[in-house]
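**Q** Below: one structure in structure tokens.
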Amino acid sequence: MKRKTLTQYLVEQQRMEQAVSAEVRLLIETVARACKAIAHAVGKGALGGVLGSLDSENVQGEVQKKLDVLSNEILLEANEWGGHLAAMASEEMETLHRIPNRYPKGEYLLLFDPLDGSSNIDVNVSIGTIFSVLQAPADAAGRDIEESDFLQPGNKQVAAGYAVYGPQSMLVLTVGTGVVGFTLDREMGTWVLTHEDMTIPEETSEFAINMSNMRHWEEPVKLYINDCLAGSTGPLGKDYNMRWIASMVADVHRIMTRGGIFMYPRDARPSGRKGKLRLMYEANPMSFLVEQAGGAATDGDTRILDINPEGLHQRVGVILGSKNEVERVGRYHLED
Ligand code: P6P
């Protein structure tokens, strides 16, 4: 049977589930087209002259890779003329990007990490694009969008997704009616529906964490990981495997595909960071996808989607994946 394309899927969602308005359908198709262009640039590697770093830093103080900036520009240019957005925000930009006056404005806000995992670009490891869609406040129609209009909890997201640029390029998406996956047909340049109902197994024996940060973790995380390392002889009664790709999109995609738990915990030191990952355009969209696939996502104590944001580039601790495993880690925090 002929597989559906992204457009066919979105039209059905618009027609049958009323989960998708015409504007959101146009928004997602536009982002998906931009991700195709990013996949093409990433795939060229050294042949495209886009590897390596610029001598600039982003708002996070991280050295920008050429592909970071190129991916950001691709997403901005693709989305600013369509009339579906009120404004955009990106990991690569200090403040919001308003829609130029020469274009019509819509009622949605688009947030993205244009190329997540960019430390992996030059070593040819999977990287990706993460995006989140919010509705602009109703009263914003007659005025300029402000940064505060973006500061909505993740449970207000209308849609979220990621593109992973690996052996296959895939687009994984939710509009609030479950999670679907599309594989890029590189000959036709089409996103083809290949994963109709992505669900995360509730149990897992695979954890993902950067062990070199152990000295900075809060005690409950140390106790949990030590119990995982104890394996079948320890209190968890089973052997665990470990993975860490250091590219959130790739680590989360593995969990969306076969289960697992991903952890980037907040720092226990009072002076330490409240986590490395950003709430608005990494943790929130990934948590929406994970919950829609039957998983769970917390910052150690609080459901990530219920966190009220205080800043556009706010960092947060992230523990997400197989529901029962995330709850297991939560019990260590309760005993703390
Ligand atoms: P570390 C990539 O830089 C990133 O933001 C995420 O994609 C990834 O999960 C994490 O940082 C990796 O961090 O400290 O292990 O390099």
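The values are calculated or read from the model by the stated rules, or taken from the named source; none is laboratory data. Values in this document were obtained by computation on a predicted structure and should not be read as measured data. Methodologically, a virtual Cβ is constructed for each residue, glycine included, from the backbone with ideal geometry; neighbour enumeration extends over all protein chains shown. Only protein heavy atoms, including side chains, enter the accessible area calculation; ligands, DNA and RNA are left aside. Shrake-Rupley method; radii C 1.70, N 1.55, O 1.52, S 1.80 Å.
**Q** Please state the relative contact order of the range 206-335 as a whole percent: Cα pairs under 8 Å, 6+ residues apart?
**A** 28
**Q** On to the next question. Greater than 20 Å separation of Cα atoms is the criterion. Which listed pairs, K4/K323; K156/K276; K156/K274; K222/K274; K44/K65, meet it?
**A** Flagged as over cut-off: K4/K323; K156/K276; K156/K274.
**Q** Then there's this: Please list the non-local residues whose amide H lies under 5 Å from the amide H of Q135, H modeled 1.01 Å from N, same-chain partners needing a gap of 5 or more.
**A** L109, V158
**Q** How big is the range 48-173 on each of its three principal axes, counting only the C-alpha atoms and giving the largest first in Å?
**A** 46, 30, 25
**Q** Might you report the magnitude of the Cβ-based charge dipole of the chain about its Cα centre, with Lys and Arg at +1 and Asp and Glu at -1, to the nearest 20 debye?
**A** Computed about the Cα centre, the dipole is about 680 debye.
**Q** If the cut-off is a Cα-Cα distance under 23 Å, which lysines reach K2, setting aside same-chain residues fewer than 8 apart in sequence?
**A** K36
**Q** I'd like the Karplus ³J(HN,Hα) series for the range 230-247: coefficients 6.51, -1.76, 1.60, θ = phi - 60°, whole numbers in Hz, and an x wherever there's a Gly or Pro.
**A** With the stated coefficients, the range 230-247 comes to 5, x, 5, 7, x, x, 7, x, 8, 7, 10, 10, 10, 9, 7, 8, 6, 9 Hz.
**Q** Also, quick follow-up: What aspartates and glutamates sit close enough to K238 to cross-link, taking a C-alpha to C-alpha distance under 14 Å and skipping anything fewer than 8 places away on the same chain?
**A** Counting by Cα, and skipping residues close in sequence, K238 has these aspartates and glutamates nearby: E203, E206, D227, E325.
**Q** Please list log₁₀ I(q)/I(0) at q = 0.10, 0.14 Å⁻¹ for the chain, using the Debye equation with identical point scatterers on the alpha-carbon positions.
**A** Result of the Debye calculation: -0.57, -1.13.
**Q** Which cross-chain or sequence-distant (5 or more) residues have an amide H under 5 Å from the amide H of T5, H modelled 1.01 Å from N in plane?
**A** Residues meeting the amide H criterion: L193.
**Q** Something else about it: Just the ratio, please: alpha-carbon radius of gyration of the range 206-335 over 2.2 N^0.38 Å, N its number of residues.
**A** This ratio for the range 206-335 stands at 0.98.
**Q** Sticking with this one: Putting +1 on Lys and Arg Cβ atoms and -1 on Asp and Glu Cβ atoms, find which of L312, T302, T233 reaches farthest to the positive end of the dipole of the range 206-335.
**A** The residue sitting farthest along the positive end of the dipole is L312.
**Q** With +1 assigned to the C-beta of every Lys and Arg and -1 to the C-beta of every Asp and Glu, and no other charges, what is the dipole magnitude of the range 261-336 about the Cα centre in debye, to the nearest 20?
**A** In total the dipole reaches around 260 debye.
**Q** In Å and whole numbers, how far do the C-alpha atoms of the range 133-256 stretch along each principal axis, longest first?
**A** 61, 42, 26
**Q** Any chance you could look up the accessible area of W81 with a 1.4 Å probe, heavy atoms only, rounded to 10 Å²?
**A** Number for this one is 130 Å².
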